[in-house]
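Worksheet: one structure, shown below.
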Amino acid sequence: MVKITCRALLAPLSLAASLFVTSCGDGQGSRGETSRGSPRVLLIGIDGVRPDVLAEVPTPNIDALAAAGWYTAEARTTTPSVSGPSWSSMLTGVWPGKHGVTNNNFTGRNYAQYPSFLTRVEQTRPELATFAALDWLPLAELPDDPGPVLPPAIDTRVTFDGYEHGWAEADGMVTEAAVAHLREADPDALFVYLGDPDETSHRHGSIGTEYRDAIALSDRHVGMLIDAVRARPTHPDEDWLILISTDHGRRPDGGHGGDSPEEMTIFILASGPATADWPEPGPAGIVDVAVTALAHLGIEIDPAWGLDGRPLGTER
C-alpha cells in the first residue's frame, strides 16, 4: 500500500492545499462493524493544560463532552513532566522506561519496538485510514533511524510550525486541516495536536489571563472538530470515540518538568456511545489513552507488545 504524507509547512492552508490534503490516504477497505456502527477514534491533545485551571475557564465544548461521557481530572503523567516523554507515552501506551524518551530532544527513543497507536493501526489493520495534524514539529519530524513517534507510515500527516506562524494561528491551521479531512476523506483514527496553551504559559511565565484565554481558544477548536465529526453524512453509521487529554500540568510560574501534583496531574476525557456502559472513573494514566483508542477500533492488544496502559472502559 502506497503511503502518502501530506505536509503543509510554513504556509497557510489554502483551499487548494485543503483539497490536496483531504485527497490523501482515503483508506478504502473493509472496516470492523459493531452494533453501534463503524468504530472511529479522534484523539485531541492539548499541550500543558492544568485540570484545575481547565475547570475555571469557560469551555462549553469540552464541558458538554465530559457531561455526556467519561472524565477524570486526576490522571497521572510521566516523570519527567515534559512534552517529549509525555506525548510519547500518550501515543505509544508505555512509560518512558520503555519508549526511552526522557527529554524534548527525543534522544534514546525506541519507537521501533514501541510505536504510536496510529502506527500500530497501520501495522495490524492497514485498510484503516490514519491521520495526524500538529504544529510541534518534533512529533513528526526527527532524523530517520528511528524517526519520530508519528512517522510517514501514517496515511496523512499535516504539519505546521508553531514557532514560525505563532501558536494561536498554527492551532487554527491544524484545526482547519483536520476539519477539511473529516469533511472530504474517510478517516478511522485521527490525532490532532494543539500547542498554544503551553507556549502561552511559558511566554508569560504564569497561569493567568493569557493562559486561560489560550485554553478557551483550544475549546473553540475542539468545538469545530466535533461539529465536523457530527456533520459527516455517514455519522449515523459510525461509532466515534472522542478522546481529549494533555501531556502535563504546570507550576504557577508556567514551568514544568518536576514531580509536584500541579505538574504531574492531567485530565483525560472520553466521549461517545461506547462510554455509556463504562465504570466510574478510577485511577488512570497517560499510557491508557493509546490502549483505549486501539481497543475501540477492535484491535486486539497483543501481550507481546508490552503495553503499560489499560483501556479506560475496564474495571480498575
Exercise for the section: Please enumerate the residues belonging to the range 55-82 that are surrounded by 24 or more Cβ atoms within 10 Å (Cβ to Cβ) and within 20 Å of residue 253 (Cβ to Cβ). Expected result: 77, 81
Completion exercise
Per the filter on the range 101-119, residues of a type in the set (Gly, Ala, Ser) and within 24 Å of residue 189 (Cβ to Cβ) are 112, 116
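Considering only the range 64-93, how many residues are more than 21 Å from residue 168 (Cα to Cα), part of a helix (DSSP H, G or I) and not β-branched (Val, Ile, Thr)?
Taking the range 64-93 as the starting set, the residues that turn out to be more than 21 Å from residue 168 (Cα to Cα) are 64-81, 85-86, 88-93.
Filter once more, so that each one left must be part of a helix (DSSP H, G or I): 64-68, 85-86, 88-92.
Now restrict to residues that are not β-branched (Val, Ile, Thr): 64-68, 85-86, 88-91.
Qualifying residue count for the region: 11.
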Problem - Among the residues listed as 272, 285, 313, the single one being within 19 Å of the chain's Cα centre (by Cα) and modelled with pLDDT under 95 - result: 313
Practice task
Could you tell me which of the residues 189, 178, 140, 170 is crowded, with 17+ Cβ neighbours inside 10 Å and in contact with a Pro (Cβ under 6 Å, 6 or more places away or on another chain)?
Solution key: 140
Fill in the blank from the handout: Across (1) closer than 20 Å to residue 103 by Cα; (2) over 19 Å from the mean Cα position of the chain (by Cα), residue 162 clears everything bar (2)
Problem - Residues being of a type outside the set (D, E, K, R), touching a residue at least 24 places away in the same chain (Cβ under 8 Å) and farther than 17 Å from residue 202 by Cβ - total across the range 238-288 - result: 27
Exercise for the section: Search the range 168-210 for residues being without any contact (Cβ under 8 Å) to a residue 40 or more places away in the chain and polar (S, T, N, Q), and hand back the single one that is nearest to residue 243 (Cα to Cα). Expected result: 200
Problem - Qualifying residues in the range 225-247 (those that are outside any loop (DSSP other than H, G, I, E, B), out of contact with any His (no Cβ under 8 Å at 6 or more places or on another chain) and of a type in the set (A, V, I, L, M)) - the one surrounded by the fewest Cβ atoms within 10 Å (Cβ to Cβ) - result: 228
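Inspect the range 255-270 for any residue being at positive phi and either in contact with a Ser or Thr (Cβ under 8 Å, 6 or more places away or on another chain) or charged (D, E, K, R) (or both) and give the result as yes or no. Full working, then the answer.
Quick first cut of the range 255-270, residues at positive phi only: 257.
So of that shortlist, the ones also either in contact with a Ser or Thr (Cβ under 8 Å, 6 or more places away or on another chain) or charged (D, E, K, R) (or both) come out as 257.
Within the range 255-270 (the criterion being at positive phi and either in contact with a Ser or Thr (Cβ under 8 Å, 6 or more places away or on another chain) or charged (D, E, K, R) (or both)), the answer is yes, since at least one residue qualifies.
In the range 198-218, what residues are within 20 Å of residue 83 (Cα to Cα) and outside any loop (DSSP other than H, G, I, E, B)?
The initial filter retains those residues of the range 198-218 that are within 20 Å of residue 83 (Cα to Cα), namely 198-207, 211-212, 214-215, 218.
Once the filter is applied, which keeps residues that are within 20 Å of residue 83 (Cα to Cα) and outside any loop (DSSP other than H, G, I, E, B), the range 198-218 yields 198, 199, 200, 201, 202, 203, 204, 211, 212, 214, 215, 218.
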Practice task
Filter the range 34-63 down to the residues that are free of Cβ contacts under 8 Å to residues at least 40 places away in the same chain and assigned to a loop (DSSP other than H, G, I, E, B), then identify the one that is nearest to residue 189 (Cα to Cα).
Solution key: 35
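Conditions (1) within 25 Å of residue 311 (Cα to Cα); (2) in a helix (DSSP H, G or I); (3) of a type outside the set (Asp, Glu); (4) in contact with a helix residue (DSSP H, G or I) (Cβ under 9 Å, 6 or more places away or on another chain), marked per residue:
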| position | (1), (2), (3), (4) |
| --- | --- |
| 110 | yes, no, yes, yes |
| 113 | yes, no, yes, yes |
| 121 | yes, yes, yes, yes |
| 131 | yes, no, yes, yes |
| 142 | no, no, yes, no |
| 153 | yes, no, yes, yes |
| 170 | no, yes, yes, yes |
Handout entry: Only listed residue being in a helix (DSSP H, G or I), buried (at least 23 other Cβ atoms within 10 Å of the Cβ) and touching a strand residue (DSSP E or B) at 6+ places or on another chain (Cβ under 8 Å), chosen from 222, 291
Key = 222
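The values are calculated or read from the model by the stated rules, or taken from the named source; none is laboratory data. What you see is a predicted model, and the numbers here were worked out from it, not measured in a lab. So basically every Cβ, Gly included, is an ideal-geometry build from the backbone, and we count neighbours across all protein chains shown.
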